[in-house]
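Reviewing the structure listed below.
Where a number appears in this text, it was derived from the coordinates with a stated rule and is not lab data. Given the structure is predicted, the values throughout are model-derived calculations rather than measurements. Here the Cβ positions follow ideal geometry from the backbone for every residue, glycine too, while neighbour counts run over all protein chains shown.
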Amino acid sequence: MDTDPIRDRLDKLTRHGFSALMDAAADGIVVIDRNGTVLDFNSAAQRMFGLAPGQIVGRNVARLMPEPDRSRHDEYIARYLRTGEARIIGIGREVTGQRADGATFPMQLSVGSAEGLFIGIVRDLSAQKAAEEENQRLKDRLVEVDRLSLMGELAAGLAHEINQPLSAIATYAQAGERIVSDEATDTEALRKTCRVIAEQALRAGRVIHNLRNFVGNRQVVEDEVDFNRAIQDVLNLVEADATAAGIAVHTEYEPDLPPIVADAIRLQQVLLNLTRNAVDAMRDGPRKEHGIRIRTQRSGRRSVGVEVIDHGHGYPRELADEMFQPFVTTKPGGLGVGLAVSRRIVRTYGGELYYRSNPGGGSIFGFSVPQKRAFGDGHHGQE
Ligand SMILES: Nc1ncnc2c1ncn2[C@@H]1O[C@H](COP(=O)(O)OP(=O)(O)OP(=O)(O)O)[C@@H](O)[C@H]1O
Ligand SMILES: [Mg+2]
């Protein structure tokens, strides 16, 4: 009489299938018993940990992990057997492994348990982690490069902006000296002269203060931002740039905008990038006298935004699809990072950077940012 042929084949498959699976798996597979003793260790695990089966089979699995897990692993198993409380089993999580040479590495661990055995499946995450870190490093570098190139290009305008108050100070100081050396000193004239000197010195100081905020590594600070205020505060940098090119800047502020939570300096950096582009687009154009318009507005129910409206040559049609890609530029000295970095900053705050063509000729670039509640105001739940 035949034994049940299907049952027989299933049994065989379970026996041989498991070892075929072990050998073929790209992930490391480690089988242990309830004492933590390693029973099986597939070839992917051998490569990952740098251990031959003879070096680990029959020993405690804790050897595959660094402290503090190494000394605690027996306790982890005991607790699971005692309470059934799973910290990893059936959930999977990212843990640290240790190779034979002592090097540690991040790995994804999933564990299943059956028949008093535990089967761990491990994936080495070091390559993925390294790629993520490299990616982040490149992004940081991009912001850095952008800020520096922005500074370089702004320098001419800034020199102009600082020179004006400085020469005013010099002129008024000379006038003051003449007044004092006069026989009948006019104290009222002297007082006025001193006041102008002080005002002009403060004006130059403000320009330098704004400038300093952009240079050097600063930490990102999230705070409640009065949108109109933030734009007003950076306007002398914007104007320095535009007026040096003979272009006027007109502003329109929508009153009573709700505050948003963001880093004002970063939003100002976006505005600077947009106006820099606007200036470049208008520099040698025929509509220069129309100037640049900067307009804040409510956009949607709970968003605030700003638009930079220029009368330049408009956005080059053939670039339309890659407008916000990094290193896309039509300028001889351009890096092509202004719009890419700006979009990234705006997205950090849940907003979007957009473009449309100006019906009056030129471009409109703008962004809007949703209003968010400030941290710590007691409303963390959904609205
Ligand atoms: N307001 C605008 N009007 C017309 N074209 C624009 C405008 N803003 C951007 N562009 C086009 O988009 C390209 C990319 O702009 P982006 O700010 O990303 O880089 P860039 O200005 O060329 O260089 P960078 O900002 O790095 O100095 C520009 O080279 C230009 O061709
Ligand atoms: Mg630019």
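Below, the figures for the structure above:
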{"item": "Residue exposure sequence - 11, 27 - by fewest surrounding Cβ within 10 Å", "result": "11, 27"}
{"item": "Least to most buried among 335, 274, 117 (fewest other Cβ within 10 Å first)", "result": "117, 335, 274"}
{"item": "Under-5 Å amide H pairs with residue 225, H placed in peptide plane, nonlocal only", "result": "260, 261, 262"}
{"item": "Cα-based reach from residue 288 at 16 Å (exclusive), listing aspartates and glutamates while leaving out same-chain residues under 8 positions away", "result": "239, 241, 280, 310"}
{"item": "Helix 5-24 vs. the chain, principal-axis angle (Cα, 0 to 90°, nearest 10)", "result": "50 degrees"}
{"item": "Hz values of 3J(HN,Hα) by residue in the range 75-83 - Karplus curve (6.51, -1.76, 1.60), Gly and Pro given as x", "result": "5, 4, 5, 4, 5, 5, 5, 6, 10"}
{"item": "Amide hydrogen neighbours beyond the local backbone of residue 299, cut-off 5 Å, H modeled", "result": "304, 305"}
{"item": "Residues whose placed amide H lies under 5 Å from that of residue 337, excluding near-sequence neighbours", "result": "327"}
{"item": "MRE, 222 nm, helices only [DSSP H, n ≥ 4, -39500 (n - 2.57), over the chain, to nearest 500]", "result": "-16000 deg cm²/dmol"}
{"item": "3J(HN,Hα) from dihedral phi, the range 310-315, Karplus parametrisation 6.51/-1.76/1.60, rounded to Hz, x for glycine, proline", "result": "10, 10, x, 7, x, 6"}
{"item": "Options 158, 316, 236, ranked by Cα towards positive dipole end of the range 132-370, top entry (Cβ charges)", "result": "316"}
{"item": "Principal-axis tilt of helix 187-214 within the chain, Cα atoms, nearest 10 degrees", "result": "20 degrees"}
{"item": "Net dipole in debye of the chain [+1 Lys, Arg Cβ; -1 Asp, Glu Cβ; about Cα centre; nearest 20]", "result": "380 debye"}
{"item": "Nearest-ten-degree value, helix 338-348 long axis tilted from longest Cα axis of the chain", "result": "60 degrees"}
{"item": "Per residue convex hull volume, Cα atoms of the chain, in Å³", "result": "293 Å³"}
{"item": "For the range 363-368, 3J(HN,Hα) per residue [Karplus equation, 6.51 cos²θ - 1.76 cosθ + 1.60, θ = phi - 60°, Hz, x = Gly/Pro]", "result": "10, 10, 10, x, 8, 10"}
{"item": "Footprinting exposure proxy for 363, 110, 342 (fewest neighbouring C-beta atoms within 10 Å first)", "result": "110, 363, 342"}
{"item": "Eligible lysines near residue 129 by straight Cα distance, threshold 25 Å, same-chain separation 8 or greater", "result": "139"}
{"item": "Dipole of the chain, positive direction: furthest Cα of 249, 337, 91, with charges on the beta-carbon", "result": "91"}
